[in-house]
Amino acid sequence: MRSALRVAAGVTALVVAALTAPSPAHAEGVFVEVNPSTIQAGFQVAIRASCGDALNNAKVHSEAFGTVTVEPVNSYLIAAATVPENKRAGGYNVKLTCPSRQTATTTLWVVNHDSPEHGPNTGGGALADNGATLIGGGAAVVGLGLGLLVLMRRRGRSPLTPA
């Protein structure tokens, strides 16, 4: 199930990057982009590149995901790559090599987020308890209020009427 979600997310990212991304200022030149530029290990990244034309396939290599072939799609070279789950966090160069031997590079940042099993350590925990203090404090306030009500009634006037 998780791998199916990754594939779907990668395909969606690839389509979004290819069809909706604005044209960069260097659209006529040689460039490579990754989207997102920061990704958690185990997920896919979309790659968009240009070798000055979008007629021939080119190669993109990174230590983050290996070598992939970018193929022409709507005047850009497009591909997707999966960063392995065990990839260490850090910045990885992504290098495009065109058939004409021109190159371009960018950086892909890989992060490893482990799901925490408990909340953050935000201090000594003096205010953290199982709720007994709040229940006891609330009961004491209610008891004090009832005691004052009984005392005021014995004196012959209602606490709700002005003096």
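The values are calculated or read from the model by the stated rules, or taken from the named source; none is laboratory data. Quantities reported herein were computed from a predicted structural model and do not represent experimental measurements. Please note: Cβ atoms are built from the backbone with ideal geometry, for glycine as well, and neighbour counts cover all protein chains shown. Heads up: the accessible areas ignore ligands, DNA and RNA and are worked out on the full protein's heavy atoms, side chains in. Shrake-Rupley method; radii C 1.70, N 1.55, O 1.52, S 1.80 Å.
All conditions in (1) open to solvent by less than 60 Å² (accessible area, probe 1.4 Å); (2) assigned to a strand (DSSP E or B) hold for residue 105, with the sole exception of (1). When residue 65 is tested against (1) surrounded by fewer than 19 Cβ atoms within 10 Å (Cβ to Cβ); (2) under 25 Å from the mean Cα position of the chain (by Cα), just one condition goes unmet, and that condition is (1).
Could you tell me whether residue 115 is under 32 Å from the mean Cα position of the chain (by Cα) and modelled with pLDDT under 85? Reasoning before the result, please.
Values: under 32 Å from the mean Cα position of the chain (by Cα): yes; modelled with pLDDT under 85: yes.
Answer is yes for this residue.
Go through segment 42-56 and report how many residues are open to solvent by less than 10 Å² (accessible area, probe 1.4 Å) and farther than 16 Å from residue 79 by Cα. Count: 1. Pairing residues of segment 82-101 that are free of Cβ contacts under 8 Å to residues at least 12 places away in the same chain with residues that are surrounded by fewer than 19 Cβ atoms within 10 Å (Cβ to Cβ), at Cβ distances under 8 Å and at least 6 apart in sequence or on separate chains, gives no pairs at all. For residue 72, the stated conditions hold: it is open to solvent by 50 Å² or more (accessible area, probe 1.4 Å), farther than 17 Å from residue 113 by Cβ and either of a type in the set (Lys, Arg) or out of contact with any helix residue (DSSP H, G or I) (no Cβ under 6 Å at 6 or more places or on another chain) (or both).
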